[in-house]
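Okay, so here's the structure we're looking at.
Just so you know, all these numbers are worked out from the coordinates, no wet-lab data involved. Fair warning: this is a prediction, and the values are worked out from it, not measured in the lab. For neighbour counting, all protein chains shown are included, and Cβ atoms are generated from backbone atoms with ideal geometry for every residue, glycine included.
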Amino acid sequence: NTRVGVLALQGDVREHAALLAHLGADVVLVRRPEELSSVDGLVIPGGESSVIDKLSRIFGMQEPIRTAIDAGLPVYGTCAGLILLADTVLDGIDGQESFGGMDVDVRRNAFGRQTESFETELDVPALGEPPVRATFIRAPVVERVGAGVDVLASLADGTVVAVEQGSLLGTSFHPEVDGETRFHERFLDKARTRAGTSVR
Ligand code: GLN
């Protein structure tokens, strides 16, 4: 069976773990390098990206995660997780770093205070019908998309909120809180493909 991890330093770890288990994966909560090397995919949850960044350095996870991303590990980042996958974080706080891997610029808390949270229906052509019910919670947006990056979804005003680059997938919003399974299934497909082809 496919073994995938949820980075379990901070954030909505349990919601992702439950959804992945519901989809039939074996789920590992990843806090150490050994746990990371036992999985064929990793979800980076929503939460607070600056805290996850700091804890990843304290726990000695930053380099292993960067190395795994370079080696093609499928990674799905939601919200804070998307921020951590971005090569450039436009307004990080406190010397915030990211793991990087996706050729995008991401802006944190892009919707400001008044509209910190909202829900909307999103067309995601790569996922087909029906549209995605998307919950944005102090969400980031993608402000620049590099040449190798596919935009999977944008808001009506053109703001980019879901991106994919090879093995990496990122959404500004939180499918795991709406019972939306298609992004996680897409991630699991990549993990399964990798499990079938990799020599570990
Ligand atoms: N604003 C948070 C951050 O900067 C992200 C919020 C979320 O993950 N829901 O990390």
The alpha-carbon center of region 4-34 and that of region 153-195 are separated, in whole Å, by 16 Å
The exposure ranking of Asp53, Asp26, fewest beta-carbon neighbours within 10 Å first, is Asp26, Asp53
Magnitude of the Cβ-charge dipole (Lys and Arg +1, Asp and Glu -1) of the chain about the Cα centre, nearest 20 debye, reported as 540 debye
Helix-only [θ] at 222 nm, the chain, -39500 (n - 2.57) per DSSP H run of 4+, per residue, nearest 500, equals -8000 deg cm²/dmol
Computed from the beta carbon distance with a Förster radius of 45 Å, FRET efficiency for Phe59 and Leu155 to the nearest 0.05 stands at 0.85
For the chain the translational diffusion coefficient, Stokes-Einstein from a Kirkwood Rh over Cα pairs at 4 °C and viscosity 1.567 mPa s, in µm²/s, is roughly 79 µm²/s
Length gained if Glu143 through Thr197 is fully extended, taking 0.36 nm per residue and subtracting the Cα-Cα distance, is 16.0 nm
Each label sits 7 Å from Cα toward the beta-carbon; between Arg133 and Asp178 the label points are separated, in nm, by 0.8 nm
Membrane-span-like helices (DSSP H runs, Cα span along own axis at least 20 Å, mean Kyte-Doolittle at least 1.6) in the chain -> none
With R₀ set to 25 angstrom, the calculated FRET efficiency between the beta-carbons of Val51 and Ser117, to the nearest 0.05, is 0.85
Given Cβ charges of +1 for Lys and Arg and -1 for Asp and Glu, the option among Leu19, Gly60, Ala8 whose Cα lies farthest towards the positive end of the dipole of region 1-63 is Gly60
Per the charge dipole of the chain (beta-carbon charges, Lys/Arg positive, Asp/Glu negative, Cα centre), the residue among Ala80, Gly146, Thr120 reaching farthest to the positive end is Ala80
Of 66-74, 10-18, ordering from highest average Cβ density within 10 Å down gives 10-18, 66-74
